[in-house]
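First comes the structure, then the notes that go with it.
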Amino acid sequence: MRIIAGSHKGRRIAAPKGVDTRPTSDFVREAAFNLVGPVDGATVLDLYAGSGALGLEALSRGAERAVFVDNSRDACRTIGANLEKLGLRGTVLCQDAERALASDRGRYDLILADPPYAFTAYDRLAPHLGRLLAPDGVVVVQSPAALEPVVAGLTARTSRKYGSARLTLFEL
């Protein structure tokens, strides 16, 4: 995997070993940021971060700050190593996404969520996403192409398929 654009364009990043993490492909990451637009100065929350590829891409493209959340220790170590390798700063929270959301008091311009494809409990995330999203912010949810996620309290801006993945953008 590599960073697609920005100050670290072309730099390689690691992914956690094993089959528990499904890294977002370069193609889908590029599509996500084409849909989102510029992220200069943004505060970013990367949920179910895995390798951290989405949040790292945002930092490379000019985001000011990123918080990475994953419950896998291996994933958290990988994110930390990727941040160090690229010379980027970010906060890594090694805990369950719902728990992290419940205790977070920040505001984010961009929230990236790439839960396992078997995940369907968007209703448990919805109250927190709406509370943490900045007024002009965007939530990007990656899901299987066949699933159109619904996040109560947020409005779907667009939903598009990219191979076996779907990207759905939500706003307040």
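Here, each number is a calculation from the coordinates, and none is a lab measurement. Being a predicted model, the structure only gives us computed values, none of them experimental. All Cβ positions, glycine included, derive from the backbone under ideal geometry; neighbour counts span all protein chains shown.
Neighbour counts of other Cβ atoms within 10 Å put Thr155, Thr43 in the fewest-to-most order Thr155, Thr43.
Simple rule: put +1 on each Lys or Arg Cβ and -1 on each Asp or Glu Cβ in segment 16-172, find the dipole, and look at Ala113, Thr168, Ala75; the Cα lying farthest toward the positive end is Ala75. Projected label points at Glu64 and Asp40, each 7 Å from Cα along the beta carbon direction, are separated by 1.4 nanometres.
If the segment from Asp96 to Arg157 were pulled out straight at 0.36 nm per residue, it would be longer than the present Cα-Cα gap by 19.3 nm.
Averaged over residues, the count of other Cβ atoms within 10 Å places the peptides 113-121, 77-85 in the sequence 77-85, 113-121, highest first. Rounded to the nearest 10 degrees, the inclination of helix 122-132 to the longest alpha-carbon principal axis of the chain is 80 degrees. Coupling constants for segment 101-107 follow from the phi torsions by the Karplus curve (6.51 cos²θ - 1.76 cosθ + 1.60, θ = phi - 60°), and in residue order they are 5, 5, 9, 6, 10, x, 10 Hz; glycine and proline get x. Each residue of segment 34-39 is assigned a 3J(HN,Hα), and the resulting list reads 5, 6, 6, x, x, 10 Hz, derived from the Karplus form 6.51 cos²θ - 1.76 cosθ + 1.60 (θ = phi - 60°), x at Gly and Pro. All C-alpha to C-alpha distances of segment 8-162, sorted into 5 Å bins beginning at zero, yield P(r) values of 2, 9, 21, 24, 23, 15, 6, 1 percent in whole numbers. Once the Cα atoms are used to define both axes, helix 73-86 deviates from the longest principal axis of the chain by about 60 degrees. Put a plus charge on the Cβ of each Lys and Arg, a minus charge on the Cβ of each Asp and Glu, and nothing anywhere else: the dipole of segment 26-171 about its Cα centre is then about 80 debye. Of the beta bridges in the chain, as assigned by DSSP with both residues counted there, near 45 percent are antiparallel. Extending 7 Å from the Cα toward the beta-carbon at both Asn71 and Arg105 defines two label points whose distance is 2.5 nm. The alpha carbon centroids of segment 40-103 and segment 3-37 are separated by 12 Å. Given +1 at the Cβ of Lys and Arg, -1 at the Cβ of Asp and Glu and no other charges, the dipole of segment 3-63 around its Cα centre is 200 debye to the nearest 20. Most mobile of Arg29, Arg160, Arg105 per a Gaussian network model of the chain (Cα springs, under 10 Å)? Between Arg29, Arg160, Arg105, it is Arg105 that shows the largest mean-square fluctuation.
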